[in-house]
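Visitor: I'd like to ask some things about the structure below.
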Amino acid sequence: MQDLNDTLIEVRKAYRLIYDYQKRILDLISFIKGRYDFIYLGGFSKFSNVSPRNGSGDLKSWSWDWLNLYYYEFHFQKKIIDKDEIRFSIFLMSDSGYFDKKKENTIQKINPDLFLEPEASKTKLIFVIGKNTWGSFGNDNWNNTNFTTENYGYEKDEKGVMLFKSYDLEKFVDENTANQTLFDFQSYCKNYDINLSVIERKFV
C-alpha cells in the first residue's frame, strides 16, 4: 500500500511539473511568434493521435494520445516576404529518446522502456521554414529519422526550398540566449535567400 501511495505522489508531482513545463513552452512559442512576426494558425500532434474531444475517445487508444506535447507542431499562417510565399512551423520534441533509439534499432512507440535513457536524450525545438513550397521531410509525417535527429537540413524542388534547424531547449533559457538563437536561424535562412526578420519584443 505504501508503494502505491508513493507512486501516486510522484504522479501528482509529474502532472504539476508537466503543467509548468507546457506553460513555459506556450509562452516561448508566443515569444518566437512575435519576434518573427507570424500569426499562429494551429497545431498538430506528431507522435500520436490528438487527445479525444469531450464526449469521445477510445479506451484502447495509446496513453500518448493524451500527451500531445510529447512531439508537436506549432504551425503559423503563411505570409509574403519579398514576393515569396513563406510558411513556418516550430516542432517541439519534449523527449528525443524514441527517435534517437529508432536511428539504430526498430522499436515501438508504446514501449518507452526501450527508448534512449532520459539522461542521454534531448528536449528541443526544430524550426522549419518553406519558401514557395511545403511538405514533410522524408514524406513520413515529420517522423523521418534525418529530420528528428539531425541538426539541420534542407530540400529543394521545382517550386522552392525548405529548411530546418534544431535547437536544444537550453538555447532559450533566457531572453538573451533566446534572441541569439533566433538571430542564428535568421542567418541560416539568409543563406537560402529567405529574409526572415527579427523584430524587437520582450520575453514574457
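Visitor: Tell me the residue from SER51, SER45 that is within 29 Å of LEU17 (Cβ to Cβ), at pLDDT below 95 and touching an Asp or Glu at 6+ places or on another chain (Cβ under 9 Å), please.
Guide: Testing whether each residue is within 29 Å of LEU17 (Cβ to Cβ), at pLDDT below 95 and touching an Asp or Glu at 6+ places or on another chain (Cβ under 9 Å) leaves just SER51.
Visitor: Separate question: From the list TYR167, TYR152, pick out the single residue that is open to solvent by 10 Å² or more (accessible area, probe 1.4 Å) and under 16 Å from LYS190 (Cα atoms).
Guide: The unique qualifying residue is TYR152.
Visitor: Also, quick follow-up: Any chance segment 20-37 includes a residue that's open to solvent by 80 Å² or more (accessible area, probe 1.4 Å), touching a helix residue (DSSP H, G or I) at 6+ places or on another chain (Cβ under 8 Å) and more than 19 Å from LYS124 (Cα to Cα)?
Guide: no
Visitor: Got at least one residue in segment 121-133 being open to solvent by 40 Å² or more (accessible area, probe 1.4 Å), of a type in the set (S, T, N, Q), over 17 Å from the mean Cα position of the chain (by Cα) and at pLDDT below 95?
Guide: No, because not a single residue in segment 121-133 is open to solvent by 40 Å² or more (accessible area, probe 1.4 Å), of a type in the set (S, T, N, Q), over 17 Å from the mean Cα position of the chain (by Cα) and at pLDDT below 95.
Visitor: I'd like to know if segment 102-116 contains one or more residues that are open to solvent by less than 70 Å² (accessible area, probe 1.4 Å), within 21 Å of PHE44 (Cβ to Cβ) and touching a Leu at 6+ places or on another chain (Cβ under 6 Å).
Guide: no
Visitor: Between a residue in segment 53-79 that is touching a residue at least 60 places away in the same chain (Cβ under 8 Å) and any residue that is open to solvent by 90 Å² or more (accessible area, probe 1.4 Å) and of a type outside the set (Val, Ile, Thr), which pairs come within a Cβ distance under 8 Å, given they are 6 or more apart or on different chains?
Guide: Close Cβ pairs (under 8 Å, with a partner that is open to solvent by 90 Å² or more (accessible area, probe 1.4 Å) and of a type outside the set (Val, Ile, Thr)) amount to GLU73/PHE44.
Visitor: Restricting to segment 54-92, and then to whatever is surrounded by fewer than 14 Cβ atoms within 10 Å (Cβ to Cβ), out of contact with any Phe, Trp or Tyr (no Cβ under 7 Å at 6 or more places or on another chain) and polar (S, T, N, Q), can you tell me which residue is nearest to TYR21 (Cα to Cα)?
Guide: Checking each candidate, the answer is SER63.
Visitor: Quick check: anything in segment 177-199 open to solvent by 60 Å² or more (accessible area, probe 1.4 Å), at pLDDT below 95 and not in a loop (DSSP other than H, G, I, E, B)?
Guide: Checking segment 177-199: not a single residue is open to solvent by 60 Å² or more (accessible area, probe 1.4 Å), at pLDDT below 95 and not in a loop (DSSP other than H, G, I, E, B).
The values are calculated or read from the model by the stated rules, or taken from the named source; none is laboratory data. Source: prediction; values computed, not measured. So basically every Cβ, Gly included, is an ideal-geometry build from the backbone, and we count neighbours across all protein chains shown. For the accessible areas, the whole protein counts, side chains as well, though only heavy atoms, and no ligand, DNA or RNA atoms are used. Shrake-Rupley method; radii C 1.70, N 1.55, O 1.52, S 1.80 Å.
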